[in-house]
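Accompanying notes for the structure given below.
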Amino acid sequence: MKIFRFSWMVLAATLLLAGCSNSGGRSATTGWKYNDPNWGGFDVTGNPEQGAAPGLVFIEGGSFVMGHVTEDPRYTWNNNPHTVTVSSFYMDECEVSNLDYCEFIYWMERAYGEEYPEKVAAIMPDTACWRDRLAWREGFVDYYLRSPNYADYPVVGVTWEQAQQYCTWRTDRVNEKVLVDRGIILLDQENLGTNAFQTDVYLAGRYEGETRKGLNDLNPANGGEERQVRKADGILYPYYRLPTEAEWEFAALGLVGNTYDERVTEHKTYPWNGQSLRSANKKYYGQFLANFKRSRGDAMGVAGNLNDGWDYTCPVKWYFPNDYGLYNMAGNVSEWCMDVYRKTVAPTGADDLDPYRGNIYRTPELDEDNEVFIGDDGQMRYKEVDFQANRRNYRQANNVNYLDGDRASNLDNWRDEQEDEEEEYAEEGEESFEEEEGEEVDNNGMSPDDESTNRMYRRVSDNQKENPTSSLVNNKVRVVKGGSWKDRAYYLQSGTRRYYDQNKSTSWIGFRCAMDRLGSRVN
């Protein structure tokens, strides 16, 4: 019966699409023909399904209880259970490996090493992250990133910013291959540096590489000339990116394997069923399911009977995958998420559909000819979107502090200062402190130097009232999920969350990529 209902839903959706969009190659609203220069040449590509880009696994979305479902022994209380919905998306099957990242380094050295060496230096992992003042790990410093013995191990020593750069590079290389495979552009090994293929530059019509053949331009005004690929053609993939915290936790739990007729039979604590860290499968009974530190001084067991088998990191495709087919979502290395960290993961007013903190809306900069501005390094430049008074869904470009650190959420700390500044503005003849347009304070009370966040999270003790210090929570701190090789079992729980400075790296944090799913939410 369930399969029968689903079949009818698919059939109904198919008929709806056919009746509303592209029935018989004609518009259902005007009757004009699609893809016909004699009828204006409106180009319609149909309804293609998005396939998984290289390395990615489809994650069917849905609602789930996000947060801790067991007692928090550390009493952080920063992830109380709450129900959210995550849309379907794609995620890397494995953590990004040393081999993957070394390919990135190699390409950047070829493309920019001679003309822009600073670009190469900016993406290099910090191999010294392995050092400890009371431990010997120089072998990892010298060999972990480059040695073929560690090629399939997760890359570490990578900052959040460097992970973002990897995502951009990977997007460009994947989309470049798509166009090369279709015979649209020529694969030119000399086309590097400022002339290298970049997805956003290509879509803006500013790519200067050699084109082999374009798509037919059906607009009669263009005289039958060829055109480049557009977003509307459905050929290029969306951008690779880091997963949001909600996406990461949803994917880690893999509840798709525990769902029957919209009932979750068991809310997992880890990416596998049960509360044990060992396999209950008769064939593999008792084997550990993740790479972690069992107790102080016990990182791998005893000789002849190793427990999880690894002291530091292990290959990215090790242990059993979860029900989405994802490897090492617990243990091995923790992973960067996109979100800016806040103590409360679900503040009042937060969206319960694809929640995320960190939105800074941008738009391409334009030159004097009103075309997108391309820098000397061949990359597009972006700026924050301009404020629009008639907009209701957002009132500013930078929303990192919204409801947590801005004036609206921090009235007590701001009241005295606001009164003082309003008096000062009144003396200068200004109508209102909040009406001035400038960089000092924007329309939502945010300070460009993040002073509002510092006020929100500063620590004040009896001997610090004159000179209070800020906590580690600020707008440059990102969420980190999943336990690592050096963590106890508590951090392997999918609901556990931590944070780390986005410009710093460590030997226990790696990352994996994600991608939006466009169109249908089922595979």
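So which residues in the range 190-229 are at positive phi and in a helix (DSSP H, G or I), if there are any at all? Steps first, please.
Quick first cut of the range 190-229, residues at positive phi only: 193, 205, 223-224.
Once the filter is applied, which keeps residues that are at positive phi and in a helix (DSSP H, G or I), the range 190-229 yields only Gly193.
Only a single criterion out of (1) assigned to a loop (DSSP other than H, G, I, E, B); (2) more than 24 Å from the chain's Cα centre (by Cα); (3) over 30 Å from Arg227 (Cβ atoms) is not satisfied by Leu145, namely (2).
Applying the criterion of being under 14 Å from Glu249 (Cα atoms) and acidic (Asp, Glu) to the residues of the range 308-337, the residue that is modelled with the highest pLDDT is Glu335.
Of Ala252, Ala232, all but one fail to be crowded, with 17+ Cβ neighbours inside 10 Å and on the phi < 0 side of the Ramachandran plot; the exception is Ala252. Taking the listed residues Leu366, Leu326, Leu289, the one that is within 27 Å of the chain's Cα centre (by Cα), buried (at least 18 other Cβ atoms within 10 Å of the Cβ) and farther than 27 Å from Pro148 by Cβ is Leu289, with no other qualifying. Under the condition of being more than 27 Å from the chain's Cα centre (by Cα) and among the hydrophobic types (A, V, I, L, M, F, W, C), the residues counted in the range 172-215 number 5. For the range 14-59, the candidate set comprises residues that are exposed (fewer than 13 other Cβ atoms within 10 Å of the Cβ), among the hydrophobic types (A, V, I, L, M, F, W, C) and not in a loop (DSSP other than H, G, I, E, B); within that set, the residue that is modelled with the highest pLDDT is Cys20.
Beta carbons closer than 7 Å, at least 6 apart along the sequence or on distinct chains, pair a first residue in the range 51-66 that is at positive phi with a second that is in a loop (DSSP other than H, G, I, E, B) and modelled with pLDDT of 95 or more for Gly55/Glu93.
Report, by residue number, each residue of the range 152-189 that is assigned to a helix (DSSP H, G or I) and without any contact (Cβ under 8 Å) to a residue 40 or more places away in the chain. Within the range 152-189, Asp172, Glu176, Lys177, Val180, Asp181 meet the criteria.
Summed over the range 205-229, residues that are among the aliphatic types (A, V, I, L, M) and either assigned by TED's automatic domain parsing to the domain that holds Glu114 or exposed (fewer than 15 other Cβ atoms within 10 Å of the Cβ) (or both) total 1.
Of all residues in the range 311-332, none satisfies being small (Gly, Ala, Ser), out of contact with any helix residue (DSSP H, G or I) (no Cβ under 6 Å at 6 or more places or on another chain) and either within 18 Å of Thr496 (Cβ to Cβ) or in a strand (DSSP E or B) (or both). Of all residues in the range 364-400, those being over 30 Å from Ala350 (Cα atoms), touching a Gly at 6+ places or on another chain (Cβ under 9 Å) and part of a loop (DSSP other than H, G, I, E, B) number 4.
The values are calculated or read from the model by the stated rules, or taken from the named source; none is laboratory data. What you see is a predicted model; the values in this text were computed from it and never measured. Backbone-built Cβ (ideal geometry, glycine too); neighbour counts: all protein chains shown.
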